[in-house]
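**Q** One structure follows; several queries about it will come next.
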């Protein structure tokens with residue numbers, strides 16, 4: 001587990017960019033946090049860190065926003081409005097997994113039983129000034145990501 005505080009939305013985006021450089025393609029990342037906690041902000045930084053140019057909007061109403069960056073597929077899912085985990089079949093989850101897309105999933109508890117085990121779980125909580133981020137590994141790959149991230153994030157956020 002890795003826990004730290006970000007003091008601004010810019011630092012939240014920087015955190016996402018750092019994580020994007022550490023997560024191999026095909027990683028599964030869950031994001032937990034209240035409405036407005038900054039889950040999409042972190043995803044924006046993640047995608048921009050990979051070279052995405054353009055807006056990154058919350059898929060609250062579309063449930064899924066696909067991105068192709070340098071020939072690789074990335075999917076940002078927001079399952080808040082999902083009424084049943086079985087609906088993930090209609091979103092093409094099986095195809096996304098078969099294609100090896102990186103998945104960034106907000107409100108993953110709504111897809112419980114249908115979603116794969118995450119490599120990384122990110123919990124975001126409000127603070128009076130900033131956000132508390134807790135990163136937890138779900139797989140061996142996630143453990144490796146956290147080992148490297150601890151150094152990179154502390155160095156970046158202390159500057």
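No value in this document is a laboratory result; all are computed from the given coordinates. Keep in mind that what you see is a predicted model, and the values were worked out from it rather than measured. No Cβ is skipped: glycine too gets one built from the backbone with ideal geometry, and neighbour counts run over all protein chains shown.
**Q** Modelling each spin label as a point 7 Å along the Cα-to-Cβ direction, I'd like the residue 55/residue 112 distance in nm, to one decimal.
**A** Result for the modelled spin labels: 3.4 nm.
**Q** Report, in deg cm²/dmol and to the nearest 500, the calculated mean residue ellipticity at 222 nm for the chain, where each DSSP H run with n ≥ 4 adds -39500 (n - 2.57) and the sum is divided by the residue count.
**A** Computed mean residue ellipticity for the chain: -9500 deg cm²/dmol.
**Q** For helix 140-157, what angle does its Cα long axis make with the longest principal axis of the chain, in degrees from 0 to 90 and rounded to 10?
**A** 40 degrees
**Q** Ranked by Cβ crowding within 10 angstrom, fewest neighbours first, how are 76, 144 ordered?
**A** Taking fewest neighbouring Cβ atoms as first place, the list is 144, 76.
**Q** Sort 4, 74 so that the residue with the fewest other Cβ atoms within 10 Å of its own Cβ comes first and the one with the most comes last.
**A** 4, 74
**Q** Could you please rank 67, 30, placing first whichever residue has the fewest other Cβ atoms within 10 Å of its Cβ?
**A** 67, 30
**Q** What relative contact order, as a whole-number percentage, does the chain give when Cα pairs under 8 Å and 6 or more residues apart are counted?
**A** 33 percent
**Q** Efficiency by 1/(1 + (r/R0)^6): what FRET value for residue 87 and residue 25, r their Cβ-Cβ distance, R0 = 25 Å, to the nearest 0.05?
**A** Step by step, r from the Cβ atoms, then E = 0.45.
**Q** Let me ask you something else. Can you tell me the orientation of helix 9-22 relative to the chain, as the angle in degrees between its alpha-carbon axis and the longest Cα principal axis, to the nearest 10?
**A** For 9-22 against the chain, the angle is about 70 degrees.
**Q** In degrees, nearest 10, range 0 to 90: what is the angle between the Cα axis of helix 39-49 and the longest Cα principal axis of the chain?
**A** That works out to roughly 80 degrees.
**Q** Oh, and also: Where in segment 97-122 does the amide nitrogen come within less than 14 Å of the point 7 Å from the Cα of residue 139, taken along Cα to Cβ?
**A** 97-105, 115-121
**Q** Moving on. Give me the one-decimal nm value for the distance between modelled label points at residue 68 and residue 98, 7 Å along each residue's Cα-to-Cβ direction.
**A** 1.8 nm
**Q** How would you order 123-133, 40-50, 13-23, 104-114 from highest to lowest mean count of nearby Cβ atoms within 10 Å?
**A** 40-50, 13-23, 104-114, 123-133
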